[in-house]
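What follows is a set of notes on a single structure, which appears directly below.
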Amino acid sequence: MTEYGAYMGKVLMIDLNTRTTSEYPWTDKDRHRTIGGKIMAGTILLDHVRPGMTAYDEDNWIVITTGPLTGTGTPSTSRFNISTISPLTGLVTSSNSGGDFGLMLKRCGYDGCIITGKSETPVHIEITEDEVLYHDASELWGLEVTPTQEALPKGHGANLVIGPGGENKVLYAAVMSGERAHGRGGVGAVFGDKKIKAITAKGFKHPRIADEPGLRKLNRKWCKTMRNHALTGRQVPQLGTASGETLAETRLLRNSGCTTCVIQCTRRCEVNGKDVKGPELEILGLMGPNFMNNDLDAIIRWNWLIDEMGMDTISIAGTLAYAMEANEKGLWDNGLEFGKIDNIDQMIEDIAHRRGEVANELANGSKRCAEKFGGMDFAIQAKGMELSAYEPRAAFGQGLGYATSNRGGCHLNAGYLVFAEGLGLDMNGVTPLGKANLSIMFQNLMEAISAAGACLFTSYPVFPTFVFDRPNNPITKLVNWILPHLGKVIFLLNYIYPALQMQLFLIPHSSAVHKASGMKMTLGDFLVAGDRGWNTERVCNIILGQKPGADTLPKKLTDEVQHPGTEKSVPLGVMLKSFYRNRGWVNGVPTLWKLATLGIKVPKEYRKLFPGGI
């Protein structure tokens, strides 16, 4: 159990081989060091992974974790995490989403759940406050996501399910919580390999709040800040993540959002007469102009279909675009062409079922297709994971983040520096100046926010609303100009995290964790935990076999300009040198000294994999 509030004090462990459960040992010291969420999951996996372990090994663990703010009423905190070894990258992946499963897992009395072993037949795992039950799911196997959810018993609470993509081990298959996707890295394929068709959870317990009046006061102020902010209060609720004016004006039925969310960014659209979750920025960009396609209704339909099949929209879009270019260049006759969309619906279904030679190859992702057919320079991926919709040749910091991201080409694990490089602010995107230190700070902050159980959109108000409302204001222009020049100041801040024994309301997450749990959690503690999480996942990856030189991008982004005469390619080498030095790494590998400063213990047999000095 635990002396802290906000936590339930137990981590459930399920062995599918023996159909037995136990409690995984997790102490209050562990809670303070990791906060929760993906940092907690990475720390659990660090004690378990070994060289050569793969996604489909029987003892590959699925680690489902919540954050301390989950279930406390703090705004936009229904997030939860799934970490495991990715079949797409061979490295640790952490996939985060909303939905109600994390809330219900805590109400069952658990902060997390670890699943090991394999079931011989399809299984539905039911978690309650008192027991874990195993139901035969053979009749559910083969169903798409919504029919699966509708077939589950109504009284079983929140659910996680997979669709045909997970069953057929598409390497970028998703796990769905309601309409929310744990998409990145192929966690759905690991569920499918273990024959887990569904997990449900229902309970009625609530976490104790250490300082309930203090947390309520903070929550009221936090909600007011987000509702009054240019992004979280106006732009994102009105236009969604893509700032989609046409979508809002002509296709939008209504807004919705995750439980406890004050932003409500989800677009509701109509497909086949049904009110469904509409497309986000990623699919609108990657299956729109990236396909040379301007049919908005087709994108809305594909978004729904990909979710029903249980796959990651980003990876399938990037893989299809690679195939189109490979076909155009005469490398692979696959029937896919830029500007031709009449065969995309069928191809999405075929990929989910691995039906046909072309679809079966596409189910393995763009990197493996390029290894077989050629064209690695234009397979837009990093570490095997397809990049999201932000063009790094116009945002060098985002390019550095893509390359260094632990889980592969992810905009969020990258640190989301594109937010300052043109998405929200307008700092100079095509300079390497200051980008290494800014990336490190953004990466650590996002790591900690995720661990707390909060949506990353809650970080938008870090920058005051006037810099978005008044882009031509001299102060706004000064902020945009000065950010790249603050490299040494940011380096100093990154270096002295432990000394930041304060709270900053622009980053209210650390104060919320403190008030909810009662544990000491200053801004400095919060950022140190983020740094610890980022390094922990990197250590797992090194043990799993990641080699120096893995932090790279395809040559299309580093060697080719986007628009001749106006843009540049990503100067990755220059930024990586600074990034490694300032993180305390050697060629992408943390030093033992750096790990010791963070209290990360590398198992003795693997210490030789890590440099010993500074």
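The values are calculated or read from the model by the stated rules, or taken from the named source; none is laboratory data. Being a predicted model, the structure only gives us computed values, none of them experimental. Note: ideal-geometry Cβ built from the backbone for every residue, glycine included; neighbour counts use all protein chains shown. Surface areas here come from the heavy atoms of the whole protein model, side chains and all, with no ligands, DNA or RNA. Shrake-Rupley method; radii C 1.70, N 1.55, O 1.52, S 1.80 Å.
Strictly over 21 Å apart at the Cα level, which of 224/277; 106/224; 372/555 would you flag in this model? It would help to have the intermediate numbers written out before the result.
Working: 224/277 26 Å; 106/224 27 Å; 372/555 18 Å.
With Cα atoms farther than 21 Å apart: 224/277; 106/224.
Just the C-alpha atoms of segment 22-174: what Rg/Rh do they give, with Rh taken as the Kirkwood radius?
Details: Rg = 15.6 Å, Rh = 16.5 Å.
A ratio of 0.95.
Can you work out the Karplus-derived ³J(HN,Hα) for every residue in segment 122-134? Use 6.51 cos²θ - 1.76 cosθ + 1.60 with θ = phi - 60°, whole Hz, and x for glycine or proline.
x, 9, 10, 8, 10, 10, 10, 5, 10, 7, 10, 10, 10
Give me the extension gain from residue 130 to residue 204: residue separation times 0.36 nm, minus the current Cα-Cα distance, reported in nm with one decimal.
Numbers: separation 74, 0.36 × 74 = 26.64 nm, distance 1.11 nm.
Length difference between fully extended and current span is 25.5 nm.
Taking the Cα centre of the chain as origin, sum charge times position over the Cβ atoms of Lys and Arg (+1) and Asp and Glu (-1), and report the length of that vector in debye to the nearest 20.
Details: 65 positive and 62 negative charges, 513 e Å.
Dipole about the Cα centre, nearest 20: 2460 debye.
Give the lysines reachable from residue 604 as a straight Cα distance under 21 Å; neighbours fewer than 8 places away on the same chain don't count.
Excluding near neighbours in sequence, the set is 547, 594.
From the helices alone, meaning DSSP H stretches of at least four residues, give me the mean residue ellipticity at 222 nm for the chain, per-run term -39500 (n - 2.57), in deg cm²/dmol to the nearest 500.
Values: 25 runs with 231 residues, N = 614.
Calculated mean residue ellipticity at 222 nm is -10500 deg cm²/dmol.
Keeping the other protein chains in place, figure out the carbon and sulfur percent of the accessible area of segment 99-172, with a 1.4 Å probe.
Values: 1170 of 2650 Å².
Using a 1.4 Å probe with all protein chains present, segment 99-172 comes out at 44 percent carbon and sulfur.
So what is the accessible area of segment 393-460 per residue, in Å², with the probe set to 1.4 Å? Walk me through the numbers before you get to the answer.
On the way: 1120 Å² over 68 residues.
Ligands and nucleic acids excluded, the result is 16 Å² per residue.
Would you please calculate the Kirkwood hydrodynamic radius of segment 421-523 over all C-alpha pairs and express it in Å, rounded to one decimal? Before the final figure, lay out each step's value.
Details: mean 1/r = 0.0667 Å⁻¹.
Here the Kirkwood hydrodynamic radius works out to 15.0 Å.
According to a simple spin-label model (label point 7 Å from Cα along Cα-to-Cβ), what is the distance in nm between residue 259 and residue 328?
4.5 nm
Using a 1.4 angstrom probe on the protein heavy atoms only, could you order 552, 591 from most to least accessible area?
552, 591
Using a 1.4 angstrom probe with every protein chain in place, what is the largest-first accessible-area order of 568, 604, 594, 194?
Details: 568 110, 604 175, 594 30, 194 0 Å².
Order by accessible area, largest first: 604, 568, 594, 194.
I need the P(r) histogram for the chain: all alpha carbon pairs, bin width 10 Å from 0 out to the longest distance, whole percents.
Taking every Cα pair in the chain, the percentages come to 3, 17, 29, 30, 16, 4, 0.
Provide the net charge surrounding residue 62, with neighbours chosen by a C-beta distance below 13 Å and charges set as Lys +1, Arg +1, Asp -1, Glu -1.
Net local charge, residue 62 excluded: -2.
So what are the ³J(HN,Hα) numbers for segment 310-318, from phi and the Karplus equation (6.51, -1.76, 1.60; θ = phi - 60°), rounded to whole Hz, Gly and Pro as x?
x, 9, 7, 5, 5, 5, 5, 5, x
May I ask you to rank 124, 563, 32 by accessible area, largest first, using a 1.4 Å probe over the protein chains only?
Working: 124 10, 563 95, 32 60 Å².
Most to least solvent-accessible, the answer reads 563, 32, 124.
Suppose the chain between residue 492 and residue 29 were pulled fully straight at 0.36 nm per residue; how much longer would it get relative to their current alpha carbon spacing?
Numbers: separation 463, 0.36 × 463 = 166.68 nm, distance 2.75 nm.
Stretched out fully, the residue 492 to residue 29 stretch lengthens by 163.9 nm.
In whole percent, how big is the carbon plus sulfur part of the accessible area of segment 524-614, probe 1.4 Å, protein atoms only? Intermediate values should be presented prior to the final figure.
Numbers: 2250 of 4110 Å².
For segment 524-614, the apolar C and S fraction of the accessible surface comes to 55 percent.
For residue 418, what accessible surface area do you get with a 1.4 Å probe? Give it in Å², rounded to 10.
10 Å²
Under the Karplus relation 6.51 cos²θ - 1.76 cosθ + 1.60, θ = phi - 60°, what is the ordered set of whole-Hz ³J(HN,Hα) values for segment 479-487, x standing for Gly and Pro?
In residue order, the calculated couplings are 4, 5, 6, 7, 3, x, 8, 9, x Hz.
Roughly how much of residue 110 is accessible, in Å² to the nearest 10, using a 1.4 Å probe?
Only protein atoms counted, so the area is about 30 Å².
Hey, can you find the accessible area per residue of segment 60-105 for me, probe 1.4 Å, expressed in square angstrom? Intermediate values should be presented prior to the final figure.
Values: 510 Å² over 46 residues.
I get 11 Å² per residue for this part.
How much solvent-accessible surface does residue 261 expose, in Å² to the nearest 10, with a 1.4 Å probe and all protein chains in place?
30 Å²
Exceeding 32 Å between C-alpha atoms, which entries from my cross-link table qualify? They are 367/568; 205/520; 435/556; 154/515; 154/520. Show your work: numbers first, answer last.
Values: 367/568 24 Å; 205/520 24 Å; 435/556 21 Å; 154/515 35 Å; 154/520 41 Å.
Beyond 32 Å: 154/515; 154/520.
Just to verify a number: FRET efficiency for residue 340 and residue 22, C-beta to C-beta distance, R0 = 45 Å, to 0.05? Write down the numbers at each step before the final one.
Values: r = 54 Å, r/R0 = 1.19.
Once rounded, the FRET efficiency stands at 0.25.
Find how many whole Å separate the alpha carbon centroid of segment 514-546 from the alpha carbon centroid of segment 1-30.
For segment 1-30 versus segment 514-546, the Cα centre distance is 19 Å.
How far is it, in nm, from the label point at residue 482 to the one at residue 504 when both lie 7 Å from their Cα along the line to the Cβ?
1.3 nm
If each of residue 372 and residue 216 carries a label point 7 Å out from its Cα toward its Cβ, how far apart are those two points in nm?
So the two model labels end up 6.0 nm from each other.
What whole-number value in Å² describes the accessible area per residue of segment 200-269 for a 1.4 Å probe?
Numbers: 3640 Å² over 70 residues.
For segment 200-269, the solvent-accessible area averages 52 Å² per residue.
Just need the Rg to Rh number for segment 470-517, please, alpha carbons only, Kirkwood Rh. Display every interim value, and only then the final one.
Working: Rg = 14.9 Å, Rh = 13.3 Å.
With Rg and the Kirkwood Rh in hand, the quotient comes to 1.12.
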